[in-house]
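The values are calculated or read from the model by the stated rules, or taken from the named source; none is laboratory data. It should be emphasised that the depicted structure is a prediction, and the values quoted were computed from it without experimental measurement. A quick note on method: Cβ atoms are made from the backbone with ideal geometry, for glycine too, and the neighbour counts reach across all protein chains shown.
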Amino acid sequence: MKYSIRKATLDDMREVLELISQLAVFEKEPNAVEITEEDLKNKGFGRNAEFNCFVAEVDLKVIGIALVYTRFSTWKGTVLHLEDLIVTKKMRGLGVGSALLDKVVSHGAQLGVKRICWEVIDWNTLAIDFYERKGAQVMRDWNVVQLDDKGIKNYISKIN
């Protein structure tokens, strides 16, 4: 099956959101996705776009995405963060994930970033093996730290 990789357009955001929702189900968080198609359109396009998205498609159907944005590291400078790399279950194992990751790394190189980083859930051994085969270092001695919406509000209530 022949697929292509390209930069996402506004018209792709419905399918991008569908893939994001599929990932949430896979990661056992089916109700965690709060973002809307409109949010993706508003935040990913225009002068102040907050992310870039690349899509893989077959016969005009989006079958995979890689969503990235830049951030700043006090140690390295500008880095690229890969928020999600998602391929539909049916299309896994056919090179689509590799092609999307190739696009992300090429994009990072074009931007001149000093590092490309992302997270992978610890029980997703297929993804961990995939990333390690690609030369990525999975840093098992670091923990992800987050404050969700409720945590932010709770935090703020204690400092005001």
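Lys89 passes every criterion in (1) in contact with a Gly (Cβ under 9 Å, 6 or more places away or on another chain); (2) at pLDDT below 95 apart from (1). Which of the residues spanning the stretch 1-45 are part of a loop (DSSP other than H, G, I, E, B) and among the basic types (Lys, Arg)? Passing the criteria: Lys2, Lys28. Do you know which residues across the stretch 37-64 are surrounded by 13 or more Cβ atoms within 10 Å (Cβ to Cβ) and among the aliphatic types (A, V, I, L, M)? The answer is Leu40, Val55, Ala56, Val58, Val62, Ile63. Just checking, does the stretch 39-51 include any residue being at pLDDT 95 or above, polar (S, T, N, Q) and under 19 Å from Asp148 (Cβ atoms)? No - not one qualifying residue is present in the stretch 39-51. Against the list (1) in contact (Cβ under 8 Å) with a residue 60 or more places away in the chain; (2) in a helix (DSSP H, G or I), the condition Gly108 fails is (1). Within the stretch 17-36, being surrounded by 15 or more Cβ atoms within 10 Å (Cβ to Cβ) and in contact with a helix residue (DSSP H, G or I) (Cβ under 6 Å, 6 or more places away or on another chain) holds for one residue alone: Leu17.
So that you can scan it fast, the table gives a plain yes or no per residue for (1) more than 21 Å from Ser73 (Cα to Cα); (2) aromatic (Phe, Trp, Tyr); (3) touching a Lys or Arg at 6+ places or on another chain (Cβ under 7 Å); (4) surrounded by 10 or more Cβ atoms within 10 Å (Cβ to Cβ):
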| site | (1), (2), (3), (4) |
| --- | --- |
| Ala99 | yes, no, no, yes |
| Leu111 | no, no, no, yes |
| Lys114 | no, no, yes, yes |
| Ile128 | yes, no, no, yes |
| Arg140 | no, no, no, no |
| Lys153 | yes, no, no, yes |
